[in-house]
Amino acid sequence: MTSPAQDPVRVARRRREHERQAVVFGLLIAFLLMAALGALAAYSGAISTPFSRPVYTPVAAVPQPEPCLPPVEGQPDGALPVAYEKIKVRVFNASETGGVANANAEVLEERGFNVTSTGNMNSQVEESELRFGTKGITRAYTVAAQIPDVRLVLDDRKGASVDLLVGNRYSPPLDEEQVLLTADTPMQDVQGCLAADEITPIPAEKPAQAVKTAA
């Protein structure tokens, strides 16, 4: 009788098991070796990994500072309001609500402002804005006294005109008796303002549509 140790079937089966175990252990050792080499390369900087890339956190846009009133020679207490009829204003809808540009333009015209055109902007703003160049700061402050919750935004235009952009969170103009302006009382700077020469102006934006009004 053949002993179990000498049984050729069992011997062949054990040989196959040993071969499979050798293959499995060989693959496992090769994988561990490759992982170790990869970790070493990543640590030394030889290769980049997703974890080695810098993480960038989006930074919220900081609004442009509002400009202070310019000093006026002969007026040590500050700039006086500009006569309404001397201020050229364009009124644009920069919101998703129709008709707000014309509504604001009508109020300003009734008060004597020279509204030269109305229309729509290409983009929307949340808070209403007055945009103007360095020559229009005093005029912009005069218009701003009519409208609550409006931002003063300096752009790079060369003239003294003022643009009113009516935003999504617009407030209608104040009643005329609520406007705190008198011809002989200097206006006050907005809180936190900077001198115009310390502000980088934004590019003057062209409207998508503008309709001239009667002169």
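The values are calculated or read from the model by the stated rules, or taken from the named source; none is laboratory data. As the structure is a prediction and not an experimental result, all values here were calculated from the model. Ideal geometry is used to build each Cβ from the backbone, glycine not excepted, and the neighbour counts take in all protein chains shown. In case anyone asks, the SASA skips ligands and DNA or RNA and just uses the protein heavy atoms, side chains included. Shrake-Rupley method; radii C 1.70, N 1.55, O 1.52, S 1.80 Å.
Split the accessible area of segment 137-211 by element, probe 1.4 Å, and carbon with sulfur accounts for 50%. Once you have a ≥ b ≥ c as the square roots of the Cα gyration tensor eigenvalues for segment 95-215, tell me rounded if a/c is under 1.5, and otherwise prolate or oblate according to whether a/b is larger than b/c. Cα axes put segment 95-215 in the rounded bin. Annotation: amide H-H contacts under 5 Å for THR213 (H modelled 1.01 Å from N, sequence separation of 5 or more, or interchain): SER117, THR118.
Annotation for GLN75 and GLU106: the two label points, set 7 Å from Cα along the Cα-Cβ direction, are 3.2 nm apart. Looking at segment 56-135, the accessible area is 56 square angstrom per residue; that uses a 1.4 Å probe and ignores ligands, DNA and RNA. The accessible area of TYR84, taken with all protein chains in place and a 1.4 Å probe, comes to roughly 50 Å².
The lysines whose alpha-carbon is closer than 17 Å to the alpha-carbon of LYS135, local same-chain residues fewer than 8 away aside, are LYS86, LYS88, LYS158. Couplings 3J(HN,Hα) of segment 202-207, computed from phi: 7, x, 5, 9, 8, x Hz, in residue order, whole Hz [Karplus 6.51 cos²θ - 1.76 cosθ + 1.60, θ = phi - 60°; x for Gly and Pro].
Surface exposure of segment 136-215, expressed per residue as accessible area with a 1.4 Å probe, stands at 58 Å². Taking all protein chains together and rolling a 1.4 Å probe, PHE31 ends up with roughly 130 Å² accessible. Computed over protein heavy atoms with a 1.4 angstrom probe, the accessible surface ordering of MET187, MET34, largest first, is MET34, MET187.
A 1.4 Å probe, protein heavy atoms only, puts the accessible area of GLU205 near 60 Å².
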